[in-house]
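Visitor: Take a look at the following structure, please.
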Amino acid sequence: MSGTQTKVADLSYPYDTLNWRRGVHLESGTTAGKADLRFADTRTLAASATEDLDLAGVLTDAFGTALTFVRVKGIFISAATANSNNVVIGAAASNQWATLLNATGTITLRPGMTFAAMAGSADATGMAVTAGTGDLLKIANSGAGTSVTYDIVIIGASA
């Protein structure tokens with residue numbers, strides 16, 4: 001995130017510049033600071049539609065291999081700027097992946113908005129996924145009339 005805030009003064013233009021950057025570097029593997037799975041996709045939901053992304057055994061990687069996340073180390077979701085409706089994340093009807101938003105929590109992404117969460121490089125746990133009982137991430141189109149498109153990237157570990 002970066003930006004400059006300026007004000008007009010009598011003889012000068014005071015300003016404050018912010019350059020704030022955070023990142024997490026993950027090596028290949030399954031322990032702290034490591035990840036071995038990645039799901040990335042651009043998806044579209046019809047008007048008023050929802051989908052449950054099953055994090056344990058249903059999503060596939062770029063090579064067609066089924067992914068079973070045991071721990072999510074990072075998740076990034078971005079709503080397309082051209083959307084008319086919002087993209088709502090969270091609160092699946094059952095088997096909610098609750099380690100990010102609890103069972104009923106949601107995040108609403110207005111058109112063009114992005115959400116990201118990353119576990120720290122020293123965090124071996126990340127955001128746990130429990131196959132069969134805590135593995136569904138619900139994504140919903142907030143309204144009728146038009147579809148929504150969103151990009152999603154999930155990085156995690158198989159153990």
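The values are calculated or read from the model by the stated rules, or taken from the named source; none is laboratory data. Bear in mind that the values here come from a model prediction, so they are computed numbers and not experimental data. Glycine gets a Cβ as well: all are built from the backbone with ideal geometry, and neighbour counts include every protein chain shown.
Visitor: Only one of G120, G112 is modelled with pLDDT under 95, exposed (fewer than 13 other Cβ atoms within 10 Å of the Cβ) and not polar (S, T, N, Q). Can you tell me which?
Guide: Values: G112 fails: modelled with pLDDT under 95.
Criteria check complete, one pass: G120.
Visitor: Name the pairs whose Cβ atoms lie under 6 Å apart, with the first residue in segment 119-141 and among the aliphatic types (A, V, I, L, M), the second exposed (fewer than 14 other Cβ atoms within 10 Å of the Cβ) and part of a loop (DSSP other than H, G, I, E, B), and 6 or more positions between them or separate chains?
Guide: Final answer for the pair search is A124/T31.
Visitor: So, restricting to strands (runs of 3 or more DSSP E) that lie completely within segment 1-66, which ones have at least 3 residues that are under 23 Å from M127 (Cβ atoms)?
Guide: On the way: elements: 2-6, 15-19, 37-45, 50-54, 56-60.
Strands (runs of 3 or more DSSP E) meeting the threshold: 37-45, 50-54, 56-60.
Visitor: Look through N95, N86 and report the one residue that is touching a Ser or Thr at 6+ places or on another chain (Cβ under 6 Å) and in contact (Cβ under 8 Å) with a residue 60 or more places away in the chain.
Guide: On the way: N95 fails: in contact (Cβ under 8 Å) with a residue 60 or more places away in the chain.
After applying the criteria, what remains is N86.
Visitor: Right, something else. Among the candidates A79, A140, A122, A92, which residue alone is among the aliphatic types (A, V, I, L, M) and under 17 Å from L26 (Cβ atoms)?
Guide: Answer to the selection: A122.
Visitor: Oh, and also: Check A159, A103, A140, A131 and return the single one that is among the hydrophobic types (A, V, I, L, M, F, W, C) and within 15 Å of the chain's Cα centre (by Cα). Can you show your working first?
Guide: Numbers: A159 fails: within 15 Å of the chain's Cα centre (by Cα); A103 fails: within 15 Å of the chain's Cα centre (by Cα); A131 fails: within 15 Å of the chain's Cα centre (by Cα).
Among A159, A103, A140, A131, only A140 is among the hydrophobic types (A, V, I, L, M, F, W, C) and within 15 Å of the chain's Cα centre (by Cα).
Visitor: Quick one: how many residues across segment 130-159 are among the hydroxyl-bearing types (S, T, Y) and assigned to a loop (DSSP other than H, G, I, E, B)?
Guide: As a first pass, look at segment 130-159 and keep what is among the hydroxyl-bearing types (S, T, Y): 130, 133, 142, 146-147, 149-150, 158.
Retained after the next criterion (residues that are assigned to a loop (DSSP other than H, G, I, E, B)): 133, 142, 146-147, 158.
Matching residues across segment 130-159 total 5.
Visitor: Specify the residue that is nearest to A47 (Cα to Cα); the eligible residues are those in segment 67-85 that are within 15 Å of the chain's Cα centre (by Cα) and not in a strand (DSSP E or B).
Guide: Within segment 67-85, the first condition is being within 15 Å of the chain's Cα centre (by Cα), and the residues that meet it are 69, 71-80.
Keeping just the survivors that are not in a strand (DSSP E or B) gives 69, 80.
On the way: F69: 29, A80: 14 Å.
Checking each candidate, the answer is A80.
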